[in-house]
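Right, one structure below, let's go through it.
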Amino acid sequence: MNQASVIGSGPNGLSAAIVLAQAGFKVDVYEAEAQPGGAARTLPLTLPGFMHDFGSAVHPMAAGSPFFATLPLEKHGLNWIHSPAAVAHPLDDGNVVLLRRDIDATVANLFEDRQRWRDLFEPFAKNWSAFAEEILGPVIHTPRHPLLFARFGIKAMQAARYFAQSHFNNTRTRAVFAGLAAHSFQSLDAPFSAAIGIVFAATVHAVGWPIPEKGAQSITDALMAHLRELGGTIHTSRRIASLSELPDALTLCDIAPLHLQRIAGDRLAPPYRRALSEFRLGPAAFKIDYALSEPIPWRAIDCQLSATVHVGGSLEEIAMSEYEMSMGRIADRPFVLLAQPSLFDPTRAPAGKHIAWAYCHVPNGSQIDMTQRMEDQIERFAPGFRDCVLARRVSTPADLEAADANLIGGDIMGGAMNVRQILFRPTRQQYATSDPKIYLCSSSTPPGGGVHGMCGYHAANMALRNLGR
């Protein structure tokens, strides 16, 4: 039996390990932390009985992952919970825009933009399997669905602000699209910043924005259970300082390019090392986990229909927040992404109590405390929010990196999403390195950040092809 090693037990590392185990390899996964999962972990970060997601709390890309769809994850305990609305976007006039999985219910909210929204996003939602196959991998490839991919590509190259202003007339629609696009960690005036907004709008209607029952750890636990069923072994609290610690065999690395350079040493050719050194880190997250005495008191009560709330107001305000971040500055009114999973999953907090998860975008390595700015934004749409806080756990960019070494400077996206790194991530070789036995499978490879496992899936399949398997 062929042997393989995987460094890192995040969703991409576990996905790579599963692909190799399916191909008959004896796979060992090495995880530096005591608890597997990387950013897909659930932890008691505040008070006893309150369980918080370290990374993503809401998982449209996991629910829509082509690879995860082939695995028996439900058999291993993964249960998706869908809130009545996928996304809530409160506005200063006391109203809220709700995006629902049912596109008819969504467009009823969008007034004169109802047909525009349907025309733009329904084709991608209806053809999600084909669309996901095209977008969740290297950007430069031979499309299997060229018309669908071309329809996306022409619009995806646009800046999000231009896209919103040129396609939508209503300020409500522009605002809700800006919230979707701001997940990209880019200025909304940057090329390709519309892409994430388009993809996320499609996921709303294709697969929804569900939360995993009992938290993100359920995704990790299901992947691990399936890997063990295939004969794989997971070693925790095992930080790999050098590849010389591992067998001389196929090795896939769910780690940042900087860490690959360090642990691989002279096994990487100088030109490849130089190419890796040019890889640029992305902006950071500043995150707060809350234990709450009651649900968040949103002025627009329908915000309680969604596990996800985009707190940022208008297109112009969200664009300013993301522009400031892209210029290395701090926004006075940051765009805040907030999740409230305990409204729909009572396992996450003691009876009658709740949790919330929130973060904003800041420059990489920022040391500025964003707590007051973030809470001012939440209070703006939910007066009395601070009165509900029993405890908070603040995670600065440095704290995030300390808990997961791959989040360098608080970068949760695996590197900047500039044009070069969208097209060639992390180098022109993508998953391959200069050593035929070493592959990179982290979110620093295509398609980038998110809990979908597709980086690991593609990297492992490239390795198998190169081995003639």
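The values are calculated or read from the model by the stated rules, or taken from the named source; none is laboratory data. Since we're looking at a predicted model, the values are computed, not measured. Don't worry about glycine lacking a Cβ; one is built from the backbone with ideal geometry, like all the others, and counts go over all protein chains shown. What goes into the accessible areas is simple: the full protein's heavy atoms, side chains included, and nothing from ligands, DNA or RNA. Shrake-Rupley method; radii C 1.70, N 1.55, O 1.52, S 1.80 Å.
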(message) Tell me the carbon and sulfur percent of the accessible area for the chain, rounded to whole percent, probe radius 1.4 Å.
(response) 52 percent
(request) Tell me which residues come under 5 Å, amide H to amide H, from ASN79 once H is placed; ignore anything under 5 positions away on its chain. (result) GLU213
(request) Sorted from largest down, give the three principal axis spans of the alpha carbons of the chain, whole angstrom values. (result) 62, 52, 43
(request) Could you calculate, for segment 220-374, the ratio of the Cα radius of gyration to the Kirkwood radius, expressed as Rg to Rh? (result) 1.08
(message) Can you compute the radius of gyration and Dmax for segment 329-469, using only the Cα atoms, both in Å?
(response) 19.5, 62
(message) Give the residue list of chymotrypsin sites (Phe, Trp or Tyr not before Pro) in segment 257-295 that are DSSP loop and have at most 15 other beta-carbon atoms within 10 angstrom.
(response) none
(message) Over segment 1-150, with the other protein chains present, what is the accessible area per residue in square angstrom, probe 1.4 angstrom?
(response) 39 Å²
(request) Compute the Rg/Rh shape ratio of segment 23-87: radius of gyration over Kirkwood radius, all on alpha-carbon atoms. (result) 1.01
(request) Taking only protein heavy atoms into account and a 1.4 Å probe, give the accessible area per residue of segment 292-414 in Å². (result) 37 Å²
(message) For segment 1-113, what does the convex hull of the Cα positions come to per residue, in cubic angstrom?
(response) 176 Å³
(request) Go through LYS75, LYS26 and list them by solvent-accessible area, largest first, probe radius 1.4 Å. (result) LYS75, LYS26
(request) Return one number: the angle in degrees, 0 to 90 and rounded to the nearest 10, between the long axis of the Cα atoms of helix 454-466 and the longest principal axis of the Cα atoms of the chain. (result) 20 degrees
(request) Based on the mean of other Cβ atoms within 10 Å per residue, sort peptides 141-150, 234-243, 128-137, 194-203 so the most packed one is first. (result) 194-203, 128-137, 234-243, 141-150
(request) Determine the dipole magnitude for the chain: charges of +1 sit on the beta-carbon of Lys and Arg, -1 on that of Asp and Glu, nothing else is charged, the reference point is the Cα centre, and the result goes in debye to the nearest 20. (result) 1000 debye
(request) Kindly give the semi-axes, whole Å and largest first, of the ellipsoid equivalent to segment 267-307, taking each as the square root of 5 times a Cα gyration tensor eigenvalue. (result) 47, 12, 9
(message) Considering the Cα positions of segment 133-218, please state its Rg to one decimal place and its Dmax as a whole number of Å.
(response) 14.3, 41
(request) Apply the Karplus parameterisation 6.51 cos²θ - 1.76 cosθ + 1.60, with θ equal to phi minus 60°, to every residue of segment 69-76 and state each ³J(HN,Hα) to the nearest whole Hz, in sequence, with x for glycine and proline. (result) 5, 8, 9, x, 5, 5, 4, 9
(request) Quick one: net charge around SER434, please, counting Lys, Arg +1 and Asp, Glu -1 for every other residue with C-beta under 13 Å from its C-beta. (result) +3
(request) Have a look at PHE121, PHE25, ALA62 and report the one farthest towards the positive end of the charge dipole of segment 1-140, computed about the Cα centre with Cβ charges (Lys/Arg +1, Asp/Glu -1). (result) PHE25
(message) What does the charge count around ALA182 come to, taking other residues whose C-beta lies under 14 Å from its C-beta (Lys +1, Arg +1, Asp -1, Glu -1)?
(response) -2
(message) At 1.567 mPa s and 4 °C, plugging the Kirkwood radius over alpha-carbon pairs of segment 50-135 into Stokes-Einstein gives what diffusion coefficient in µm²/s?
(response) 84 µm²/s
(message) For Cα pairs less than 8 Å apart in space and 6+ apart in sequence, what is the mean separation divided by the residue count of the chain, i.e. the relative contact order in percent?
(response) 26 percent
(request) Take every DSSP beta bridge with both residues inside the chain and express the antiparallel ones as a percent of the total, to the nearest 5. (result) 65 percent
